[in-house]
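Novice: If you scroll down you'll find the structure; I have some questions about it.
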Amino acid sequence: MSQEITNTAPIGVFDSGVGGLTVAREIMRQLPNENIVYFGDTARVPYGSKSKDNIIRFSRQIIRFLKTKNVKAVVIACNTASALALETVQKETDLPILGVIVPGARAAVQETRNNCIGIVGTEATIRSETYNKEIHKLNPDIKVIGKPCPLFVPLVEEGFAKHSITKEVIDIYLSEMKKTDIDTMILGCTHYPLLRSSIREYFGESVHIVNPAYETAMDLKKVLAENGMANPSEGEASYEFYVSDAAEKFTKFADSILPYDVTTTKEVNIEEY
């Protein structure tokens with residue numbers, strides 16, 4: 001490695017926008033000693049409708065930026081980028097890089113009783129069938145029903161998570177899935193945990209909801225421990241936030257969902273990386 005990376009170095013976390021904050025939130029809860037540098041690609045959100053080539057290019061730029069912050073590991077807190085870019089950037093990068101799909105798939109396989117799993121996500125994530133592949137590696141007999149829900153991201157980004165319009169959109173997208181036998185559902189986009197209570201209410205108690213954000217934080221904990229990279233110092237962790245656009249809007253949103261006061265977010269011209 002070109003630079004000396006210490007155990008107190010931060011974890012880099014990135015997403016297309018605010019959704020990855022649900023992953024950052026779980027890392028803050030489960031790994032309270034770890035420092036975090038978060039990047040939200042708010043200028044280019046949503047990723048779900050972009051091509052694989054573009055998602056790989058965006059991910060490379062963001063990882064280059066995070067490396068300037070001397071991060072010791074990177075979490076791709078975005079299902080679309082995990083589906084389309086993770087494999088490529090893992091081969092190119094000398095740091096541990098985790099995505100959100102493998103932890104989510106594993107948790108769903110452990111949870112299902114009747115081998116029928118539903119997945120909601122962006123068009124790119126569902127089309128890539130990455131969740132299906134990971135699930136079938138663990139159990140080829142599981143039936144997977146995927147449904148793209150592209151409007152969920154803008155509804156969350158605009159602060160409509162608790163609005164009645166969101167309940168209508170949930171019904172429009174998921175009424176067919178409600179008629180199936182799924183007993184487990186993966187929230188296959190990091191924005192979706194912010195709709196978790198509404199989705200759970202819609203399906204009722206019979207469907208277990210898997211939040212890959214929590215599972216990813218637990219995987220990160222394991223990777224850091226195995227590599228002797230966990231932060232031993234128990235002082236107050238530091239959190240930095242960067243975006244490619246609309247810093248003020250991001251700060252307001254981050255402050256509303258994180259267990260920590262977010263006062264500043266810096267804008268970065270990501271195309272320079």
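Novice: Do we find that residue 135 is open to solvent by less than 20 Å² (accessible area, probe 1.4 Å), assigned to a helix (DSSP H, G or I), among the β-branched types (Val, Ile, Thr) and touching a residue at least 12 places away in the same chain (Cβ under 8 Å) in this structure? Spell out how you get there, then give the answer.
Specialist: Working: open to solvent by less than 20 Å² (accessible area, probe 1.4 Å): yes; assigned to a helix (DSSP H, G or I): yes; among the β-branched types (Val, Ile, Thr): yes; touching a residue at least 12 places away in the same chain (Cβ under 8 Å): yes.
For residue 135, the condition - open to solvent by less than 20 Å² (accessible area, probe 1.4 Å), assigned to a helix (DSSP H, G or I), among the β-branched types (Val, Ile, Thr) and touching a residue at least 12 places away in the same chain (Cβ under 8 Å) - is met.
Novice: Right, something else. Just name the residue that is most open to solvent (accessible area, probe 1.4 Å) out of those in the range 141-189 that are closer than 20 Å to residue 50 by Cβ and touching a strand residue (DSSP E or B) at 6+ places or on another chain (Cβ under 6 Å). Step through it out loud before you land on a result.
Specialist: Within the range 141-189, the first condition is being closer than 20 Å to residue 50 by Cβ, and the residues that meet it are 146-158, 188-189.
Those left that are additionally touching a strand residue (DSSP E or B) at 6+ places or on another chain (Cβ under 6 Å): 146-147, 149, 188-189.
Values: 146: 41, 147: 70, 149: 0, 188: 0, 189: 10 Å².
Going through the qualifying residues, I end up with 147.
Novice: What is the number of the single condition among (1) closer than 30 Å to residue 7 by Cβ; (2) in contact with an Asp or Glu (Cβ under 6 Å, 6 or more places away or on another chain); (3) basic (Lys, Arg) that residue 106 does not meet?
Specialist: (2)
Novice: Follow-up question, since we're still on this one. Here is a check on your reading of the model: is residue 23 crowded, with 20+ Cβ neighbours inside 10 Å, within 12 Å of the chain's Cα centre (by Cα), aliphatic (A, V, I, L, M) and more than 22 Å from residue 234 (Cβ to Cβ)?
Specialist: Details: crowded, with 20+ Cβ neighbours inside 10 Å: yes; within 12 Å of the chain's Cα centre (by Cα): yes; aliphatic (A, V, I, L, M): yes; more than 22 Å from residue 234 (Cβ to Cβ): yes.
Answer is yes for this residue.
Novice: What's the number of the condition residue 127 fails, among (1) assigned to a helix (DSSP H, G or I); (2) surrounded by fewer than 18 Cβ atoms within 10 Å (Cβ to Cβ); (3) at pLDDT 95 or above; (4) not polar (S, T, N, Q)?
Specialist: Only one criterion is unmet by residue 127, namely (3).
This table checks each residue for (1) under 22 Å from residue 107 (Cβ atoms); (2) in the same structural domain as residue 31 (by TED's automatic domain parsing); (3) in contact with a Lys or Arg (Cβ under 7 Å, 6 or more places away or on another chain); (4) not small (Gly, Ala, Ser).
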| residue | (1), (2), (3), (4) |
| --- | --- |
| 181 | yes, no, no, yes |
| 187 | yes, no, yes, yes |
| 196 | yes, no, no, yes |
| 201 | yes, no, no, yes |
| 204 | yes, no, no, no |
| 219 | yes, yes, no, yes |
| 234 | no, yes, no, yes |
| 240 | no, yes, no, yes |
| 258 | no, yes, yes, yes |
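The values are calculated or read from the model by the stated rules, or taken from the named source; none is laboratory data. In this text the structure is predicted, and so the values were computed from the model without any measurement. Here the Cβ is made from the backbone with ideal geometry for all residues, glycine too, and neighbour counts use every protein chain on show. Please note that ligands, DNA and RNA were not included when accessible areas were found on the heavy atoms of the full protein model with its side chains. Shrake-Rupley method; radii C 1.70, N 1.55, O 1.52, S 1.80 Å.
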